[in-house]
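Down below is the structure, laid out as structure tokens.
The values are calculated or read from the model by the stated rules, or taken from the named source; none is laboratory data. Computed from a predicted structure; not experimentally measured. FYI the Cβ positions are ideal-geometry reconstructions off the backbone, even for glycines, and counts take in every protein chain you see.
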Amino acid sequence: MDTVLKVLNNFKLNFFSGKFYLIEVILFDIPISFIIYLFVKNSSTAFSLILILLFASILLLYYIRGKRNKELNEIKRIINGIRKNEFSDSNEIRLSDSLSNIQEDIKKMFEKTKNDIEYLKKLERIRTEFLANVSHELRTPIFAIQGYIETLLNGAINDSKVNTYFLEKANHHTLSLSNLLNDLIDISMIESGEMKMSFRYFNINDYLSSVVNELKMMAEEKNISLIYYPANERLQLFGDKNKLKQVMINLIQNAIKYTEKGKVEVLVVEETKFGRIIVKDSGYGIPENDLSRIFERFYRVDKARSRAVGGTGLGLAIVKHIVEAHGSRIEVKSKIDEGSEFSFKLKK
Ligand SMILES: Nc1ncnc2c1ncn2[C@@H]1O[C@H](COP(=O)(O)OP(=O)(O)OP(=O)(O)O)[C@@H](O)[C@H]1O
Ligand SMILES: [Mg+2]
């Protein structure tokens with residue numbers, strides 16, 4: 001009895017949901033019935049033939065709907081599976097042969113959603129890491145300033161042997177704090193697309209000699225010779241002078257900071273359509289494994305060494321963004337204990 005009910009139910013479902021194809025069946029049956037009526041002289045034979053045609057159409061409708069239901073259920077099963085994260089790879093998505101076309105589309109959709117989700121997770125991870133890094137970097141100078149001020153308040157202010165020293169130290173940390181905040185503001189402006197660029201042709205020779213001059217003192221303090229090799233006097237390159245100043249200062253300061261002895265050289269190599277600006281040092285060098293990571297925010301090869309020279313690891317991230325905003329790419333070559341060379345091209 002149960003089986004009979006089930007078959008009847010199934011039939012009812014398939015039959016009634018077959019209504020979506022009813023118009024096509026009627027449009028097909030009417031002309032055929034008309035032809036039967038015209039060509040079969042005997043009216044009872046014609047009537048029987050038309051009845052058979054109708055019956056066959058109903059059976060066909062039932063069959064087609066049954067097949068359609070099965071296919072729809074198959075698609076539903078896959079969609080539910082995707083929703084419940086049952087698939088880890090698109091190759092696990094399999095539909096019957098008649099649905100191979102849609103199978104490819106579903107696979108592509110699955111891949112796209114998977115990639116989007118992974119990308120969002122990555123962004124979330126980067127955001128969390130960034131926040132953790134920022135808090136950590138802020139904590140160091142704030143704690144130090146707090147420490148010096150507390151010590152001064154607790155009596156050291158009257159001790160002429162240490163009071164100036166403590167104030168100088170506190171002042172040094174406020175400078176780090178202010179550098180960090182400036183770098184953070186730059187990074188957030190760049191990454192939110194708010195950095196306005198103003199491109200112009202400018203004389204690279206005048207420009208570089210003035211930037212190098214500004215950093216001469218810093219190099220002298222470390223006994224490092226900072227050398228600028230003058231470029232073709234008439235060479236004009238295309239870029240945003242202000243933003244490029246940040247790039248050059250960062251690269252030259254890094255070269256000085258991470259060089260113990262020797263020299264830092266700045267030069268321009270002229271190519272047919274470009275001028276390549278190079279900053280070369282004879283410093284510590286960067287291990288090969290770290291080379292691809294030094295442009296990440298807060299990444300420092302030797303954290304202790306970088307912090308000791310007041311670095312926060314944001315400099316090269318800013319450099320990379322600015323150089324890329326010029327449609328160029330920052331390149332780096334380095335050998336441990338021999339030195340590093342950073343360079344990028346600007347349009348002529
Ligand atoms: N010329 C270089 N020679 C050796 N190592 C370098 C050089 N330039 C950068 N690095 C390494 O890459 C890291 C990242 O450089 P980046 O300029 O981003 O940060 P930083 O100099 O530590 O801090 P900041 O520039 O924010 O003050 C540095 O900490 C350092 O380890
Ligand atoms: Mg730096």
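Results, tabulated for the structure shown:
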{"read-out": "Residue satisfying all of: in region 253-278; buried (at least 21 other Cβ atoms within 10 Å of the Cβ) and within 28 Å of the chain's Cα centre (by Cα); nearest to ligand 1 (Cβ to nearest atom) among these", "value": "254"}
{"read-out": "Filter result for residue 250 (within 16 Å of ligand 2 (Cβ to nearest atom) and in contact with a helix residue (DSSP H, G or I) (Cβ under 6 Å, 6 or more places away or on another chain))", "value": "yes"}
{"read-out": "Whichever residue in region 254-270 is within 16 Å of ligand 2 (Cβ to nearest atom) and not polar (S, T, N, Q) and, among such residues, is farthest from residue 222 (Cα to Cα)", "value": "266"}
{"read-out": "Qualifying positions in region 196-245 - farther than 22 Å from residue 271 by Cα and assigned to a strand (DSSP E or B)", "value": "224, 225, 226"}
{"read-out": "Residues that are assigned to a helix (DSSP H, G or I) and farther than 15 Å from residue 293 by Cα, drawn from region 312-348", "value": "322, 323, 324, 325"}
{"read-out": "Residues that are closer than 14 Å to residue 22 by Cβ and either out of contact with any helix residue (DSSP H, G or I) (no Cβ under 9 Å at 6 or more places or on another chain) or among the charged types (D, E, K, R) (or both), drawn from region 60-74", "value": "65, 68"}
{"read-out": "Only listed residue being within 21 Å of residue 128 (Cα to Cα), in contact (Cβ under 8 Å) with a residue 24 or more places away in the chain and in a loop (DSSP other than H, G, I, E, B), chosen from 297, 293", "value": "297"}
{"read-out": "Inter-residue pairs, beta-carbon under 9 Å, first on the phi < 0 side of the Ramachandran plot and surrounded by fewer than 13 Cβ atoms within 10 Å (Cβ to Cβ) and in region 213-238, second part of a loop (DSSP other than H, G, I, E, B) and not charged (D, E, K, R), 6+ apart", "value": "none"}
{"read-out": "Matching option when the condition is among the small types (Gly, Ala, Ser), surrounded by 11 or more Cβ atoms within 10 Å (Cβ to Cβ) and modelled with pLDDT of 90 or more, among 81, 66", "value": "81"}
{"read-out": "Test: residue 264 is among the β-branched types (Val, Ile, Thr) and within 19 Å of residue 334 (Cβ to Cβ)", "value": "yes"}
{"read-out": "Lone unmet requirement of (1) aromatic (Phe, Trp, Tyr); (2) under 23 Å from residue 115 (Cβ atoms); (3) in contact with a Ser or Thr (Cβ under 9 Å, 6 or more places away or on another chain) for residue 37", "value": "(2)"}
{"read-out": "From the options 281, 302, 337, 290, residue that is of a type in the set (Asp, Glu) and buried (at least 16 other Cβ atoms within 10 Å of the Cβ)", "value": "281"}
{"read-out": "Subset of region 257-269 [at pLDDT 95 or above and farther than 11 Å from residue 282 by Cβ]", "value": "266, 267, 268, 269"}
{"read-out": "From 248, 218, residue being closer than 16 Å to residue 278 by Cβ, within 14 Å of ligand 1 (Cβ to nearest atom), out of contact with any Gly (no Cβ under 6 Å at 6 or more places or on another chain) and of a type outside the set (D, E, K, R)", "value": "248"}
{"read-out": "Matching residues, region 95-123, being over 22 Å from the mean Cα position of the chain (by Cα), loosely packed, with under 13 Cβ neighbours inside 10 Å and free of Cβ contacts under 8 Å to residues at least 12 places away in the same chain", "value": "97, 100, 101, 105"}
{"read-out": "Selection within region 184-212 - under 30 Å from residue 127 (Cα atoms) and without any contact (Cβ under 8 Å) to a residue 24 or more places away in the chain", "value": "185, 188, 189, 192, 193, 194, 196"}
{"read-out": "Filter pass, residue 229 being touching a strand residue (DSSP E or B) at 6+ places or on another chain (Cβ under 6 Å) and at pLDDT 95 or above", "value": "yes"}
{"read-out": "Candidate set from region 1-60 (those that are outside any helix (DSSP H, G or I) and at pLDDT 85 or above); member that is nearest to residue 72 (Cα to Cα)", "value": "40"}
